[in-house]
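Here is the structure we will look at.
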Amino acid sequence: MVELQQLRCLVAVLDTGSFTKAATTLHVTQGAVSHAVNGLERELGVGLVRRGRGGASATDAGARVAEHARAVLARLRVAEEEVLAMRGLRAGRLRVGSFTSASTRLLPGLLAAYRREHPDVEVTLREGNDLQTRDLLADGEVDVAFVVLPADGHDVIALSEDELVLVVPETHRLARHRVVPLAELVPEPLILSSGGCATLVRSTFREHGLEPLESGAVQEGSTALAMVEGGLGATLMPELAVPALPGTLVTRPVRPTGHRRLGLAARSQEAHSPALQAFLALAKRQAPALARRTA
């Protein structure tokens with residue numbers, strides 16, 4: 001008979017790529033993890049994990065079993081939290097996925113209010129860019145995620161709208177403008193970051209029959225800002241993604257500009273735990289205030 005601990009061990013091994021790391025995650029010995037996975041393979045009569053110098057990875061059968069195991073464990077977490085709620089205990093776990101601008105501008109207020117209302121719920125945070133947080137949500141590694149909308153196939157709460165702004169050195173010719181016409185940026189070398197919505201920048205130009213002059217592509221917005229400070233070009237990024245800038249850099253609004261909508265997404269095909277239900281209810285109540293605060 002398949003045991004829950006065997007499923008937990010299999011998922012942990014495949015998530016971490018290591019029996020040792022899985023043991024650390026589950027707070028058990030490596031031998032216990034190996035014993036559980038080996039036992040599951042014997043029970044099912046098929047290999048589930050490839051073991052090699054590069055780490056542990058799933059066989060085809062292992063990937064299918066792990067997919068079902070994650071669903072079983074997720075439903076078990078919901079059942080446990082519902083029982084705790086029925087007993088009147090403010091307990092449970094909430095796993096949140098987020099990206100930098102949401103983590104710094106939207107999450108703190110929401111999380112502070114949530115912890116005041118539910119101090120005994122354990123909250124963990126996983127960070128990445130928008131695509132990475134979507135993957136975490138799709139894989140069931142987080143219960144709810146901040147995303148750039150739309151997010152089809154999920155339960156969604158819209159929180160705020162964000163617009164692209166220009167960041168240039170204070171000595172740049174465009175820094176003299178109070179508002180920069182988008183067409184003025186066509187000859188400007190632009191450094192775009194995937195974390196700063198390069199796709200949004202390109203689509204904004206093309207919607208108005210223009211083409212950006214890209215002088216470089218980087219992964220992080222902080223890298224783009226450092227290159228701008230070094231005089232290597234200008235950058236466009238969502239206003240909420242702009243950190244506190246050094247005195248040598250300034251932001252300017254652009255017209256017309258591009259917009260992105262930010263929100264929370266939860267998997268609609270799964271039952272929501274009491275902890276998640278409470279977080280989503282709070283987000284709905286806070287959404288108007290968050291929209292005003294970030295406008």
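The values are calculated or read from the model by the stated rules, or taken from the named source; none is laboratory data. Keep in mind that this is a model prediction, so the values were computed, not measured. Virtual Cβ from ideal backbone geometry, glycine too; neighbours counted across all protein chains shown.
Of all residues in region 7-59, which are part of a helix (DSSP H, G or I), more than 23 Å from L136 (Cβ to Cβ) and either in contact with a Ser or Thr (Cβ under 8 Å, 6 or more places away or on another chain) or not assigned by TED's automatic domain parsing to the domain that holds R75 (or both)?
Q30
Check every one of the strands (runs of 3 or more DSSP E) wholly within region 223-295 and list those with 1 or more residues that are of a type in the set (G, A, S) and either touching a Pro at 6+ places or on another chain (Cβ under 7 Å) or touching a residue at least 12 places away in the same chain (Cβ under 8 Å) (or both).
Of the strands (runs of 3 or more DSSP E) lying wholly inside region 223-295, those with at least 1 residues that are of a type in the set (G, A, S) and either touching a Pro at 6+ places or on another chain (Cβ under 7 Å) or touching a residue at least 12 places away in the same chain (Cβ under 8 Å) (or both) span 259-267.
Of the residues G221, G209, which is out of contact with any strand residue (DSSP E or B) (no Cβ under 9 Å at 6 or more places or on another chain), among the small types (G, A, S) and farther than 30 Å from H272 by Cβ?
Exactly one of G221, G209 is out of contact with any strand residue (DSSP E or B) (no Cβ under 9 Å at 6 or more places or on another chain), among the small types (G, A, S) and farther than 30 Å from H272 by Cβ, namely G209.
From the list R77, R95, R134, pick out the single residue that is touching a residue at least 12 places away in the same chain (Cβ under 8 Å), in contact with a Ser or Thr (Cβ under 7 Å, 6 or more places away or on another chain) and in a helix (DSSP H, G or I).
It is R77.
Taking the condition at pLDDT below 95, over 30 Å from A91 (Cα atoms) and not assigned by TED's automatic domain parsing to the domain that holds D15, does L149 pass? Steps first, answer last, please.
Values: at pLDDT below 95: yes; over 30 Å from A91 (Cα atoms): yes; not assigned by TED's automatic domain parsing to the domain that holds D15: yes.
Yes; evaluated as a whole, the condition is true for this residue.
Going by the structure shown, is E141 within 16 Å of the chain's Cα centre (by Cα) and either among the basic types (K, R) or over 30 Å from Q277 (Cα atoms) (or both)?
So E141 fails the test.
Those residues that are polar (S, T, N, Q) and closer than 16 Å to V180 by Cα, I need them from region 214-261; list them, please. Step through it out loud before you land on a result.
Start the filter on region 214-261 by keeping residues that are polar (S, T, N, Q), which leaves 215, 219, 222-223, 235, 248, 251, 257.
T235, T251, T257 - these are the residues of region 214-261 that are polar (S, T, N, Q) and closer than 16 Å to V180 by Cα.
Being over 30 Å from L232 (Cβ atoms) and out of contact with any helix residue (DSSP H, G or I) (no Cβ under 9 Å at 6 or more places or on another chain) is the filter here, so list the residues in region 154-185 that pass it.
V156
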